[in-house]
Amino acid sequence: MILTLHPFKGFLIVWLLLSLPFSSVSAAVTRHPYTHKNPFVQSADYEALVSARADKFRTIPAGYSKPVHAAGSSSADSVYTPVMNTQTANPRPHSFIGETELKTAKKRVANETWAKNYLKRLESESNSFLKLNQTIPKKAAGYASWYVCKDGTPLEYKNGRHYCPSDKQMYEGEKIEAGWLAYEHNERVRQIRILATAYSLNGNETYAEAAQNLLLQYADMYKDFPKQDKGGKWYYQSLDEAVSAVDLASGYDLLYSSPSFTEAEKKKIENDLFLPIAETLKQNPYSKSNWQAWHNAAIGMIGAATDRPELLKEAIYGKRGFYYLMDEAVLEDGFWWEGSMAYHTYALAPLSILAQTASHWGYDLYNDDKFKKMFDIPLLYSYPNFVQPANNDGGKYGSTITNYTSSRGYNDYELAYSKYKDSGYAWFLHTKYKNLSRTGDFALFFGSDSIEAAAEVPTKSLQLTSIGQAILRHPDSRERQSFVLMDYGEHGGSHGHYDKLNLDLYGAGTLLAPDFGTPGYTHPLYRGWYKQTISHNTVTVDGRSQSEAKGDMPIFSSEPNFKYMYGTANSAYSGVTYERSLWMEDEFILDWFLVSDESKSHQYDLALHGLGTYQTNVPLQPLDRPMGKGGGYDYFKNQKGAGGIESGWSSRWDQNGKGLRTYSIPFQPASVFSADGPGPSSSPNELTPVMIQRVNGHSAQFVTILQPYSNENAPAATGKRVGNHGVRADSSGGSYHFYQNYQQTEAGKLTAAKAHSKLGLDFNFDENTGTSLSAAGELKVILKNAEMLEKTTLVFNKGSIKSVSVNGKKWRTATSGGYIMAFQK
């Protein structure tokens, strides 16, 4: 498909996918502190901010010093004072692409087949542009998400009219026209970018003149565009204006030395287009927002392209500049604060563009440790097949970092590898290029001459504590890896979903029960379904969605024989204890969800949205009345159910011979439902099967074996309840014994456990475990019948415990939160 093979033809699609969900940023907007006369004279309150923040920075980047303020000064230029490595003016180009990189690209075009082919594609597109009407639209752009049918289906432009393929109607109106103009202006920007890039490589003045003509038209018109509600003039959103300005400024820099470009024309473009755009963006500052990352990139690029280094410095060191975002918007583990990989990637792109532009002016932004981590995170976070989880407002469902090349560098590790020489990046690029030819701006201009051969870097279980998400993986190699993610952290601002303790599952080489992502923000299902709790693999209480909540993960273990996580989100529903545990074994994952409220009885619904054809051994019948109303329940179709289920039961989602089996172990009578609901957000109007377990009462425990399978004839795992707090799971690998009782709060008491035995043996931890805690902090454990167990792990409330001995032998321990884990040798 074009998106896979051609970065520029894919540009419009990629840009729309990643820029649609930005109309509801909740960051407070304040006036920019800079004055017009001196952009580095700042308000007095910023001096206090600078002083308070100076010591918070993790490292001082190479080439920078700590802030130095004149005696008695009440203002500061920046958090760091730059020590410029080069003071002389750089030869052009010197914005996004530098002189040295352009020379390198020309050599590659002359000597390397892939580079020659890339230039041929640029030339082919440029030649096509020359045949088109070169007049830009006279009106400003609206918001691309307005260009949709009533049901959210994208409109189609046919013979000057706007056609809806779902209802077969023609649409009209000012808002529809404005939405279409966003596409029109995006296309003109794309043309300028491609024409300028092709010209820089082959010197064809016809390309340069065509691009200059488009720039001059924009310079003529920009002053007449009115200010719009979301801060832009040329576009409805200042975000979209910044994104397009980045490409215009880079293109202008590549065209600057063209003999056909007069000084008067350059002056007009700079004074009537670029500087006014920079001012528009400066008048609309955002806090720790992806919008601000793009604003900074555009302001910095304009500064570099127009030889106004003060604008570049402002983009780096200003109150909302690069280092502010590194400090406030990038969390300690390197994840962008909004909590989805789509936003992480979307913010990383302008940060990279600014860093690369700044490198041509003597600044090294790559030296920031958090910035490096931002490149690491997508590789550490992705499913084993490199598709990115789509949690929260996660952008396009099913997006992978291996199957396309972006002109803006989304998920493109060519630049990152050339800067950091990370062997993990090298291995990823080799993996990517098994299926794709090397191509694109980032490879051509910034890529290394050669990519070192590198072995696969093991991708291990990971807890991202600052964003509040955790991933268990087994084994460490991606080829046969199972993956489960739990989201327990911050809500995510306006882009968060009501989905605490959501489970996201991959196995058998495919997505099994993933987060379905987010459609366009104007799609009616966006708020009605995709943000609601019931659309996620978690528990809905009383048929209504969670409150905005931040949970916790008291225990995370990636021990070889104890891959386990225990998450809580007790603020999701007032008065409700809300906790989930996941154990990962060779053949399955055990999922244990507990919800309880001592004061009230509730309806507890645990949903599991799987992919594939669904079947169950529960005799379900069509319902006389729907499962619920509101909160997303209205979107369910083909509802079936059965009540009073007290024994273990199984279900299965099949995807052509592989898929997901489940086995549910009731702790109380339950109702079981199946229905069809909206599925992956890439096709929001298509239905997929969901299974719901329902318990009414003060409390409920849902215990489910989740078993990925790649062979439908492989033995199915089953299980049974053992005592009040235990279960046994049986598979071809033997019997596994699990225990959970976090309501036990006394120090030294058993709260969780796991062990393995021969197939078919029962083990009751309550009956076989005794403990005594000495004043010196030694926990002595008597574990009866321990000889039948192996690979045992015991978890206790830590209290004052310093060591643990089991049946007279000291066990290795590790602490997590308020708990201590003891591991059998």
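Residues in segment 478-509 that are of a type in the set (S, T, N, Q) and within 16 Å of the chain's Cα centre (by Cα): Ser494, Asn502. Of the strands (runs of 3 or more DSSP E) lying entirely inside segment 507-594, those containing at least 1 residues that are modelled with pLDDT of 95 or more and acidic (Asp, Glu) are 552-559, 577-584. Taking the criterion of being surrounded by fewer than 18 Cβ atoms within 10 Å (Cβ to Cβ), outside any strand (DSSP E or B) and on the phi > 0 side of the Ramachandran plot, the only residue of segment 616-639 that qualifies is Gly630.
Consider segment 713-727 and keep the residues that are surrounded by fewer than 15 Cβ atoms within 10 Å (Cβ to Cβ) and of a type in the set (S, T, N, Q). The one that is nearest to the chain's Cα centre (by Cα) is Asn713.
Is it the case that Asp597 is touching a residue at least 60 places away in the same chain (Cβ under 8 Å) and either more than 25 Å from the chain's Cα centre (by Cα) or surrounded by 22 or more Cβ atoms within 10 Å (Cβ to Cβ) (or both)? Show your work before the answer.
On the way: touching a residue at least 60 places away in the same chain (Cβ under 8 Å): yes; either more than 25 Å from the chain's Cα centre (by Cα) or surrounded by 22 or more Cβ atoms within 10 Å (Cβ to Cβ) (or both): yes.
Yes, satisfied.
The residues of segment 770-794 that are hydroxyl-bearing (Ser, Thr, Tyr) and either in a loop (DSSP other than H, G, I, E, B) or crowded, with 19+ Cβ neighbours inside 10 Å (or both), listed by number, are Thr771, Ser774, Thr792, Thr793.
Checking Asp412, Asp376, Asp441, Asp422 one by one, the residue that is surrounded by 23 or more Cβ atoms within 10 Å (Cβ to Cβ), of a type in the set (D, E, K, R) and without any contact (Cβ under 8 Å) to a residue 60 or more places away in the chain is Asp412 and no other.
On the basis of being at pLDDT 95 or above, touching a Lys or Arg at 6+ places or on another chain (Cβ under 9 Å) and either under 28 Å from Gly528 (Cα atoms) or not hydroxyl-bearing (Ser, Thr, Tyr) (or both), does His725 make the cut? No. Every listed requirement among (1) free of Cβ contacts under 8 Å to residues at least 40 places away in the same chain; (2) of a type in the set (Asp, Glu); (3) surrounded by 15 or more Cβ atoms within 10 Å (Cβ to Cβ) is met by Glu125 save one, (1).
Of the candidates Gly447, Gly424, Gly409, the single residue that is under 21 Å from the mean Cα position of the chain (by Cα) and within 27 Å of Glu99 (Cα to Cα) is Gly409. Among the residues of segment 469-510, those identified as surrounded by fewer than 20 Cβ atoms within 10 Å (Cβ to Cβ) and among the acidic types (Asp, Glu) are Asp476, Glu479. Annotation: of all residues in segment 273-321 being small (Gly, Ala, Ser), surrounded by 24 or more Cβ atoms within 10 Å (Cβ to Cβ) and over 20 Å from Ser359 (Cα atoms), the one that is modelled with the lowest pLDDT is Ser289. Charged (D, E, K, R), surrounded by fewer than 19 Cβ atoms within 10 Å (Cβ to Cβ), touching a residue at least 60 places away in the same chain (Cβ under 8 Å) and assigned to a strand (DSSP E or B), is that true of Lys754? For Lys754, the condition - charged (D, E, K, R), surrounded by fewer than 19 Cβ atoms within 10 Å (Cβ to Cβ), touching a residue at least 60 places away in the same chain (Cβ under 8 Å) and assigned to a strand (DSSP E or B) - is not met. The residue that is nearest to Glu767 (Cα to Cα), counting only those in segment 734-747 that are at pLDDT 95 or above and over 33 Å from the mean Cα position of the chain (by Cα), is Tyr739.
Looking for something crowded, with 24+ Cβ neighbours inside 10 Å and not hydrophobic (A, V, I, L, M, F, W, C) - is there at least one such residue anywhere in segment 252-268? Yes: segment 252-268 contains one or more residues that are crowded, with 24+ Cβ neighbours inside 10 Å and not hydrophobic (A, V, I, L, M, F, W, C). The condition of being crowded, with 18+ Cβ neighbours inside 10 Å and either touching a Ser or Thr at 6+ places or on another chain (Cβ under 6 Å) or of a type in the set (Gly, Ala, Ser) (or both) holds for only one of Ser450, Ser466, Ser461, that being Ser461.
Can you say whether Gly489 is touching a strand residue (DSSP E or B) at 6+ places or on another chain (Cβ under 8 Å) and outside any strand (DSSP E or B), as far as the supplied structure shows?
Considered against the rule, which asks whether it is touching a strand residue (DSSP E or B) at 6+ places or on another chain (Cβ under 8 Å) and outside any strand (DSSP E or B), Gly489 comes out as yes.
Condition check: out of contact with any strand residue (DSSP E or B) (no Cβ under 9 Å at 6 or more places or on another chain) and over 30 Å from Cys149 (Cβ atoms). Does Arg478 satisfy that? Can you show your working first?
On the way: out of contact with any strand residue (DSSP E or B) (no Cβ under 9 Å at 6 or more places or on another chain): yes; over 30 Å from Cys149 (Cβ atoms): yes.
It is true that Arg478 is out of contact with any strand residue (DSSP E or B) (no Cβ under 9 Å at 6 or more places or on another chain) and over 30 Å from Cys149 (Cβ atoms).
Among residues of segment 640-657 being of a type outside the set (Gly, Ala, Ser) and closer than 23 Å to Val703 by Cα, the one that is surrounded by the fewest Cβ atoms within 10 Å (Cβ to Cβ) is Glu646. Counting residues that are basic (Lys, Arg), which helices (runs of 4 or more DSSP H) fully inside segment 242-309 reach at least 3? Helices (runs of 4 or more DSSP H) meeting the threshold: 263-269. I'd like to know if segment 569-580 contains one or more residues that are within 27 Å of Ala675 (Cβ to Cβ), of a type outside the set (A, V, I, L, M, F, W, C) and within 22 Å of the chain's Cα centre (by Cα). No; the residues of segment 569-580 include none that is within 27 Å of Ala675 (Cβ to Cβ), of a type outside the set (A, V, I, L, M, F, W, C) and within 22 Å of the chain's Cα centre (by Cα). Filter segment 443-467 for residues that are part of a helix (DSSP H, G or I) and of a type in the set (A, V, I, L, M); which is farthest from Asp487 (Cα to Cα)? Checking each candidate, the answer is Leu444.
For segment 204-232, the set of residues classified as under 34 Å from the mean Cα position of the chain (by Cα) and among the acidic types (Asp, Glu) consists of Asp229 only.
The values are calculated or read from the model by the stated rules, or taken from the named source; none is laboratory data. For clarity, every value in this text was computed on a predicted model and none was experimentally measured. Ideal geometry is used to build each Cβ from the backbone, glycine not excepted, and the neighbour counts take in all protein chains shown.
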